Amino acid sequence: MSNALPTPQVRSERRVLSVLVDNVPGVLLRVVALFRRRGINIHSLAVSVTEDPAVSRITMTVECPAALAESVVKQVRRVVEVRRVRDVTDAPRTERELALVKVNAPAGVRSEILEAAQVFRARPIDLTEKTVTLEVTGSPEKIDAFLNLVARHGVREVARTGSVVLLRGSATT
C-alpha cells in the first residue's frame, strides 16, 4: 500500500490568445515553438495581416490550465517581434470562425440538408448530384452544432479557419 498523496487534477480549459507581431518571416514559428516546448496542443490558429501591413495578428485556441497559459504568454512577450499578447478568454469579445462543409446529399435528402443550412444561416456554395458544400460562419460552438446535425448524412470533408477574435467596444487586443 502506497503512502503517496493523490496528485490534484489541474483542469484544462479552452483558452483564446491574441498576439500582435511584426509581419516578418519566422515569427510564427518562434511563437508556436513556445507552446510546443510546453506540450500545449494548438486547436486552432489563424494568422493574417492587420490594418497595418507591418503587423500580423495571430489568434490561437489552446487547451491547457489557465496558469500554464499565463506562463507561456509571459514567454511569448519576450519574443522580440511580439508587439502585444493577450489571453482574451475571459474578455468580452466577438469570435467567429468559417467552415466549408461537404455533405453527402443525394436527391432524396438534399432539401432536408438545405433546410438545416438555412436555420444555421449556412450558404450553399457548390452542389453536385451527390454532395452539397456549405459555408458556415459563427462561433466554434455553432459550427460544431451544425456538424453534429448534418453528420447523419455523412460529412465528406470539413475545412475550418480557426477562430478570429476582436474585443468588444473600443478595447483593442
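Summary of computed values
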item	result
Dipole of the chain, positive end: most advanced residue of Val150, Phe35, Gly108 [Cβ charges, Cα centre]	Phe35
P(r) of the chain over all Cα-Cα pairs, binned every 5 Å from zero, in whole percent	1, 7, 15, 16, 14, 12, 11, 10, 7, 4, 2, 1, 0, 0
Ellipticity estimate at 222 nm from DSSP helix runs (n ≥ 4, -39,500 (n - 2.57)) divided over the chain, nearest 500	-8500 deg cm²/dmol
Net charge of neighbours whose Cβ lies under 13 Å from the Cβ of Arg86, counting Lys and Arg as +1 and Asp and Glu as -1	+4
Loop sites in the range 52-152: GluC sites (Glu not before Pro), DSSP, at most 14 other Cβ within 10 Å	Glu129
Listed residue (Leu20, Ser163, Pro92) projecting farthest to the positive dipole end of the chain, Cβ model	Leu20
Lys, Arg +1 and Asp, Glu -1 on Cβ, resulting dipole of the chain about Cα centre, debye, nearest 20	480
Selected from Arg83, Arg36, Arg93 as most flexible by GNM, with the chain as the system and alpha-carbon contacts under 10 Å	Arg36
Residue with peak Gaussian network fluctuation, the chain [Cα springs, cutoff 10 Å], from Val73, Val24, Val155	Val24
Prolate/oblate/rounded label for the range 94-166 (Cα gyration tensor, a/c 1.5)	prolate
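Every number here is computed from the coordinates shown, using simple stated rules; none is lab data. Small disclaimer: the values here were computed from a predicted structure and weren't measured. Neighbour counts run over all protein chains shown; Cβ positions are idealised from the backbone, glycine included.
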